[in-house]
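Colleague: Below is the structure I would like to discuss, written out as structure tokens.
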Amino acid sequence: MSEWSGWPVVEESTGWEAAQQILTEAELSDGLPLVPPTQRRLDAMVAGVANRAESRGMLPPMFGDLTPEAVAYQCVIAGALPKELPVVLAAAEAILEPDFNILGIATTTGTACVALCIHGPIARTLGVNAGTNCLGPGNRANASIGRALQLVIRNIGGARSDTGDMATMGQPGKYTLCFAERNDGPFPTLTARRGLGGDASAITIMGISGTAEVLPGDGEGATPEAILSPIATAMRAAIVMSGMGRKNERGEQVFLLPLEMAEKIVRHDGWDLGRVQQYLFDEGQGVARSPDAIHPVVTGGAGYKMSYLPIWGGGSQTVTRAL
């Protein structure tokens, strides 16, 4: 058996069960079946990639060398396609930002994981789901891209159970958590708010402690206040549950808003993005460092169920990067 920059390469003739055993013994498995990393698949993944052995940094917690080749290997075994490698590589580089705090996220005994949001034309080109069940199963791109990033953290960074990853419980988002932002919402997109353009191809990484379903206060949200007040309550509760209540500083807040709810909000005069953020800041009694650190992201399918993504209480800042 040959190697690819220190990673095992499986022969084309190797049976499925044998390939899984090879990868498991090499401690590369997240517990789910892996695509056998044959030379043919690896070569196809890095075709056209320049400086593929160049180090992009040392990835905590065990400080593995983050190279395009190493990331490509994780993409292959995760079932990602070659055209998805740039997205995973950009996300892998983004988690090295000091304020993101991947060391804390990867090693905490809490339930932190890395969520990946994909923006703009690249999301549509790759078929990343921003509709019904966008956080759930059923879409290969969401599942494979998100899984590849988690395998980067596990296999390159070394965040394996009882070694680098010390999570008491963990969470399913550590397998994969990837979705897209809709481009047809009534609020400026996250990329627009961050100066990259309204429909720019980009990625945002978020260190979150899980997801929580939030319903409007009156059932279907007749008023902006009825839609947003339960979100403010969830944010206040998360601060208490995460221990952030003992700290003086506040960070960011992220919640996912279905198109239907976003459109109901803006039907009321004066309810633009800024007013939504200010209302949540005031109603939540200072749940973020500032109103503009509260980030509604329009995504998902039909309905009025919202999702709150509490940022990890240990301290993490979201990072957005253009592609």
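Colleague: Could you work out the relative contact order of the chain? I mean the mean sequence separation of Cα pairs under 8 Å and 6+ apart, divided by the number of residues, in percent.
Modeller: Once divided by the residue count of the chain, the mean separation gives 20 percent.
Colleague: Report the gain in length on full extension from R124 to S290: 0.36 nm times residue separation, minus Cα-Cα distance, nm rounded to one decimal. Working shown, then result.
Modeller: Values: separation 166, 0.36 × 166 = 59.76 nm, distance 3.17 nm.
Full extension of this stretch gives 56.6 nm more.
Colleague: Which of the trypsin sites (Lys or Arg not before Pro) found in region 217-308 are loop residues per DSSP with 15 or fewer other Cβ atoms within 10 Å of their Cβ?
Modeller: On the way: sites: R236, R246, K247, R250, K264, R267, R275, R289, K305; in loops: K247, R250, R267, R289, K305.
Those satisfying the criteria are K247, R267, R289, K305.
Colleague: To continue, here is another question. Under 16 Å from the Cα of K264, which aspartates and glutamates turn up, not counting those fewer than eight places away in the same chain?
Modeller: D184, D218, E220, E225, D272
Colleague: Taking the Cα centroid of region 143-205 and of region 15-54, what is the distance between the two, rounded to the nearest whole Å?
Modeller: 21
Colleague: Calculate the FRET efficiency for M166 and A53 from the Cβ-Cβ distance with a Förster distance of 41 Å, rounded to the nearest 0.05.
Modeller: For R0 = 41 Å, the calculated efficiency reads 0.85.
Colleague: May I have the extent of the alpha carbons of region 122-254 along their three principal axes, as whole Å values ordered from largest to smallest?
Modeller: 48, 43, 31
Colleague: About the Cα centre of region 210-315, what is the dipole size in debye to 20, counting +1 per Lys and Arg Cβ and -1 per Asp and Glu Cβ, all else neutral?
Modeller: 420
Colleague: Same structure, new question: Using Cβ counts within 10 Å as a stand-in for footprinting exposure, how do S5, S201, S55 rank, fewest first?
Modeller: S55, S5, S201
Colleague: Further question: For region 161-262, state which GluC sites (Glu not before Pro) are in a DSSP loop and have at most 12 other beta carbons lying within 10 Å of their beta carbon.
Modeller: Those satisfying the criteria are E249.
Colleague: Considering the options P172, S201, S144, tell which one lies farthest towards the positive end of the dipole of region 3-206, charges being +1 on Lys and Arg and -1 on Asp and Glu at the Cβ, about the Cα centre.
Modeller: Towards the positive end, the residue furthest out is S201.
Colleague: Just need the relative contact order of region 210-315 here, percent rounded to a whole number, with Cα pairs under 8 Å and 6+ apart.
Modeller: Reported relative contact order: 43 percent.
Colleague: Further, regarding this structure: What are the GluC sites (Glu not before Pro) within region 14-64 that DSSP puts in a loop, where the Cβ has at most 14 other Cβ atoms within 10 Å?
Modeller: Sites meeting the loop and neighbour criteria: E27, E54.
Colleague: So, one more: Arrange the following residues from fewest to most other Cβ atoms within 10 Å of their Cβ: H295, H268. It would help to have the intermediate numbers written out before the result.
Modeller: Values: H295 23, H268 12.
By the 10 Å Cβ count, ascending, the order reads H268, H295.
Colleague: By how many nm would the segment from A322 to D199 grow when fully extended, if each residue of separation counts as 0.36 nm and the alpha-carbon distance is taken off?
Modeller: 43.2 nm
Colleague: At q = 0.14, 0.17, 0.24 Å⁻¹, what is the base-10 log of I(q)/I(0) for region 190-285 according to the Debye formula with one equal point scatterer per Cα and no solvent? Please give it to two decimals.
Modeller: Debye curve over Cα of region 190-285, log10 I(q)/I(0) at q = 0.14, 0.17, 0.24 Å⁻¹: -0.62, -0.90, -1.38.
None of the figures in this text is laboratory data; all of them are computed from the coordinates on show. Computed from a predicted model, the values in this text were never measured in an experiment. Neighbour counts run over all protein chains shown; Cβ positions are idealised from the backbone, glycine included.
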